[in-house]
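Asks: The following block contains the structure, expressed as structure tokens.
Each value in this text was obtained by applying a stated rule to the coordinates, not by laboratory testing. Predicted model, so just to flag it, every value in this text is computed and none were measured. In this analysis, Cβ positions are derived from the backbone assuming ideal geometry, glycine residues included, and neighbour counts consider all displayed protein chains.
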Ligand SMILES: Nc1ncnc2c1ncn2[C@@H]1O[C@H](COP(=O)(O)OP(=O)(O)O)[C@@H](O)[C@H]1O
Ligand SMILES: [Mg+2]
């Protein structure tokens, strides 16, 4: 096992780098896009709510691979060249953002409605109330499920292997097909994924404990 | 000039008729108490005044703003009218001090120093100076409600609405909250108070309004004789029930 690892060290590390890169990019953008669509779904405007709902239902219910293939195959035909890495990261971002939108929406809606009423009565605008009162409370409620989304995101980034995205899974396939050491190669790939996801898992648990230790809302 | 004027106001929730032709005028500095059975529309009435609910028809003028007019900026109206809720609704993610200073800083654009100086004076007024750094969930219900009152006072409102401010409190805490409210009333604040505390209504109120099933059935400036014997039959029935309990 060790020799497979050291002989192909460069490829494993390159794969790890692409996997991390795609995950971090998608994490960043899916958080922003997901929060925007969460806010749209609870917007006072009906049109905004419907639009948000359609986006979420669409990307949540179409397989990630289909979304990714669309960007890898269809979009370049329209004259916009996209690398496998780009297509994979966009697919991951859109797919994950739909789940994040659901998680954040649920978090916001679990904040006592009295908080919004108090903030509005206090003279704040809807946006101020959201920003200073509702979202900070929603984020704390949202941390454990968001952590799960992020871990799923890292695992789902293996979709890049299908579109030549140079990620860990892609490199693993390559190494396995040249060395024929499939079991060992995929074991190493699995361990490398765990090296990313396990610390995330523990980090989330830690944050969750720390945040739920104080500032918790007293049930009336 | 009147502070709050309802003219033939109707309020529907969908098909449900919650307020029937409400006519009510509250003068500056007046303390009006609203009593009546649960579900009679007391909260709805209060909530229309600060725009948490829109009226369906009629005219509602608060501090010279016409709230029925879609062009009226509700945020500007709300700045001038505070509200104290049954369940306090302190901002759970903010300290006591921040609960009080947030509105003045964000909405009135006060400096941090000025807002905090004023907040400390208000904490003194409600008798909770030592709690500035506490989080809401570290306070008793009565303390939370006094902070909520301080928070609404910090906006220097033209009027404060109280929706059953003592209904969620243990009996031994009610007195502290009522005392603070009495102090504010004595300073000349315009107040509308939905309450089941008949003693407070009689002692502090300038006027008492009885509501049932979305109607104002009695509106009396002679508070003492109202509590001796209301003119309206249902008010008599309601009072005899509350007082005998
Ligand atoms: N948001 C709402 N949607 C539908 N019905 C409501 C809503 N709020 C209050 N109601 C109804 O309006 C009536 C008056 O309620 P409310 O104003 O809360 O009464 P009170 O404060 O006197 O107990 C009740 O029958 C209540 O069920
Ligand atoms: Mg009520």
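Asks: When N counts the residues of the protein assembly as shown, how does its alpha-carbon radius of gyration compare numerically with 2.2 N^0.38 Å, as a ratio?
Replies: Dividing the Cα radius of gyration by 2.2 N^0.38 Å gives 1.30.
Asks: Suppose we keep just the DSSP beta bridges with both residues in the stretch B:2-243; what percent of those would be antiparallel, to 5?
Replies: On the way: 20 of 37 bridges.
In the stretch B:2-243, DSSP labels about 55 percent of beta bridges as antiparallel.
Asks: Treat each spin label as a single point 7 Å out from the Cα along the C-beta direction, and report the residue A:202 to residue B:112 distance in nm.
Replies: 3.6 nm
Asks: Please compute, for the alpha-carbon atoms of the stretch B:18-136, the extent along each of the three principal axes and give them in descending order in Å.
Replies: Reported extents, whole Å, longest axis first: 46, 34, 28.
Asks: A further question on this structure: With N set to the residue count of chain B, report its C-alpha Rg divided by 2.2 N^0.38 Å to two decimal places.
Replies: In units of the globular-protein estimate, chain B measures up at 1.01.
Asks: Show me the ranking of peptides A:149-155, B:146-152 by mean Cβ neighbours inside 10 Å, starting with the highest.
Replies: B:146-152, A:149-155
Asks: While we're looking at this one, here's another question. Nearest 10 degrees is fine. How inclined is helix B:233-243 to the longest principal axis of chain B, computing both from alpha carbons?
Replies: It works out to around 40 degrees.
Asks: Regarding the stretch B:149-196, what are the three Cα extents along the principal axes, ordered largest first, in Å?
Replies: 29, 17, 16
Asks: Where Rh is the Kirkwood radius over the Cα pairs of the stretch A:42-154, the temperature 37 °C and the viscosity 0.692 mPa s, what D in µm²/s does Stokes-Einstein return?
Replies: In µm²/s, the coefficient is 205.
Asks: In the stretch A:27-66, what is the volume of the convex hull around the alpha carbon atoms, normalised per residue and reported in Å³? It would help to have the intermediate numbers written out before the result.
Replies: Numbers: hull volume 2.3 nm³, N = 40.
Value for the stretch A:27-66: 58 Å³ per residue.
Asks: Of the beta bridges DSSP finds with both residues in the protein assembly as shown, what % are antiparallel, to the nearest 5?
Replies: Of those bridges, close to 55 percent are antiparallel.
Asks: In square nanometres, what is the average projected area of the Cα convex hull of chain A?
Replies: Numbers: hull surface 59.7 nm².
So the mean shadow area of the Cα hull is 14.9 nm².
Asks: Hey, what angle do you get for helix B:96-106 against the long axis of chain B, alpha-carbon based, 0 to 90 degrees rounded to 10?
Replies: Roughly 80 degrees, rounded to the nearest 10.
Asks: How far apart, in nanometres, would the label points at residue A:183 and residue B:213 be if each is projected 7 angstrom from Cα along the Cα-to-Cβ direction?
Replies: 8.3 nm
Asks: Across the residues of B:77-89, average count of Cβ atoms on other protein chains within 10 Å?
Replies: Average per residue, whole number: 4.
Asks: Compute the FRET efficiency between residue B:28 and residue B:172 as 1/(1 + (r/R0)^6), taking r as their Cβ-Cβ distance and R0 = 51 Å, and round to the nearest 0.05. Don't skip to the end; give the middle numbers.
Replies: Values: r = 34 Å, r/R0 = 0.67.
Approximately 0.90, to the nearest 0.05.
Asks: Then there is this: Rounded to the nearest 10 degrees, what's the angle between the helix A:168-179 long axis and the longest principal axis of chain A, both from Cα atoms, 0 to 90?
Replies: 10 degrees
Asks: 222 nm [θ] for the protein assembly as shown, helices only, -39500 (n - 2.57) per DSSP H run of 4+, per residue, to 500?
Replies: -18000 deg cm²/dmol
Asks: Relative to a virtual label point 7 Å from the Cα of residue B:133 in the Cα→beta-carbon direction, which members of the stretch B:83-101 show backbone nitrogen distances below 18 Å?
Replies: B:94-101
Asks: While we're here: Across the residues of A:122-134, average count of Cβ atoms on other protein chains within 10 Å?
Replies: Mean inter-chain Cβ contacts per residue within 10 Å come to 6.
Asks: Right, something else. Find the all-direction average of the projected area of the Cα convex hull for the stretch A:1-85, expressing the result in square nanometres with one decimal place.
Replies: Over all viewing directions, the stretch A:1-85 projects a mean Cα-hull area of 8.1 nm².
Asks: If I take R0 = 22 Å and measure r between the Cβ atoms of residue A:106 and residue A:24 in this structure, what FRET efficiency does the formula 1/(1 + (r/R0)^6) give, to the nearest 0.05?
Replies: That gives a FRET efficiency of 0.35.
Asks: Please give the length that would be gained between residue A:36 and residue A:131 if that part of the chain were fully extended, namely 0.36 nm times their separation in residues minus their C-alpha to C-alpha distance (nm, one decimal).
Replies: The residue A:36-residue A:131 span can extend by a further 32.9 nm.
Asks: How much FRET efficiency would the formula 1/(1 + (r/R0)^6) give for residue B:2 and residue A:195, where r is the Cβ-Cβ distance and R0 is 56 Å, rounded to 0.05?
Replies: After rounding to 0.05, the efficiency reads 0.20.
Asks: Scattering from the C-alpha atoms of the stretch A:98-189 alone, worked out with Debye: what is log10 I(q)/I(0) at q = 0.14 1/Å?
Replies: With no solvent term, the Cα-only Debye profile gives -0.64.
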